[in-house]
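Enquirer: Please read through the structure below; I'll follow up with questions.
Bear in mind these aren't lab numbers, they're just calculated from the coordinates by the rules spelled out. Since we're looking at a predicted model, the values are computed, not measured. Cβ placement follows ideal geometry from the backbone for every residue including glycine, while neighbour counts extend to all protein chains displayed.
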Amino acid sequence: FDSRVIVEYLDTLSPVGKLIPTQGRERAEVKTWEALADGLLDAAILARLESTWPGRTGEQRSDAWIDRQMAKIEASLKSMSQGLGEKPFCSGIHFSLSDVAVGCALGYLDFRFPVIDWRTPYPNLARLAEKLNQRPSFVDTKPD
């Protein structure tokens, strides 16, 4: 199943340290961040597949398609930066699923698109990523 379903289930198992608020505006905010990060990842994966999938020749690849996906990535980064502002975490003062999702999306960009310099135009996202990348859960799952 989709990671959204899995994380919802896993979050119900812990009596403390919830990643997803149970109701209200806070829950909607966390789920909005999750959707934004998933959208960035979807666009990044589509751009990567279009540019590297061995089932297509160079002539069959669409630069326009890749450019459209890259524009979605840029729009997502801009939206994330604006939403984060100067807060310590995406959804305020506590670590939540918002940060897990955004951290994974930014990590994927670093892994598969190292030429994208998202840190310079979005220093607040860079600070968040640095903080998240020091967490054991991010350290232990960083791709090689």
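Enquirer: Exceeding 22 Å between C-alpha atoms, which entries from my cross-link table qualify? They are LYS31/LYS87; LYS72/LYS131; LYS18/LYS78.
Expert: Details: LYS31/LYS87 17 Å; LYS72/LYS131 25 Å; LYS18/LYS78 27 Å.
Result: LYS72/LYS131; LYS18/LYS78 exceed 22 Å.
Enquirer: Further, regarding this structure: With label points built 7 Å along Cα→Cβ from the Cα atoms of TYR9 and ASP110, find their separation and express it in nm.
Expert: Inter-label distance under the simple model: 3.0 nm.
Enquirer: For the range 58-144, which GluC sites (Glu not before Pro) pass both filters: DSSP loop (anything but H, G, I, E, B) and at most 14 other C-beta atoms within 10 Å? Walk me through the numbers before you get to the answer.
Expert: Details: sites: GLU59, GLU74, GLU86, GLU130; in loops: GLU59, GLU86.
When the GluC sites (Glu not before Pro) of the range 58-144 are filtered for loop state and at most 14 Cβ neighbours within 10 Å, GLU59, GLU86 remain.
Enquirer: Kindly write out, for the range 22-39 in residue order, the coupling ³J(HN,Hα) from the Karplus curve 6.51 cos²θ - 1.76 cosθ + 1.60 (θ = phi - 60°), rounded to whole Hz, with x marking Gly and Pro.
Expert: 6, 7, x, 4, 4, 5, 4, 5, 4, 5, 5, 4, 4, 5, 4, 5, 5, x
Enquirer: Points 7 angstrom from Cα along the Cβ direction at LYS131 and SER62: gap in nanometres?
Expert: 4.0
Enquirer: Per DSSP helix of 4 or more residues, -39500 (n - 2.57); summed, then divided by the residues of the chain. What does that give at 222 nm, rounded to the nearest 500?
Expert: So the helix-based figure for the chain works out to -21000 deg cm²/dmol.
Enquirer: Also: With θ set to phi - 60° and the Karplus curve 6.51 cos²θ - 1.76 cosθ + 1.60, what are the ³J(HN,Hα) couplings of the range 8-14 in order, to the nearest whole Hz, using x for Gly and Pro?
Expert: 4, 5, 4, 5, 6, 7, 9
Enquirer: Under 8 Å for C-alpha pairs, at least 6 residues apart: give me the relative contact order for the chain, rounded to a whole percent. Could the numbers behind the result be given before it?
Expert: Working: 114 pairs, mean separation 35.2, N = 144.
Result for the chain is 24 percent.
Enquirer: Whole-Å semi-axes of the chain's equivalent ellipsoid, largest first, each the root of 5 times a Cα gyration tensor eigenvalue?
Expert: 28, 17, 15
Enquirer: Once you have the Cα-Cα distance between THR32 and VAL139, take 0.36 nm times their residue separation minus that, and quote the gain in nm to one decimal.
Expert: Numbers: separation 107, 0.36 × 107 = 38.52 nm, distance 2.51 nm.
Going from the current span to full extension adds 36.0 nm.
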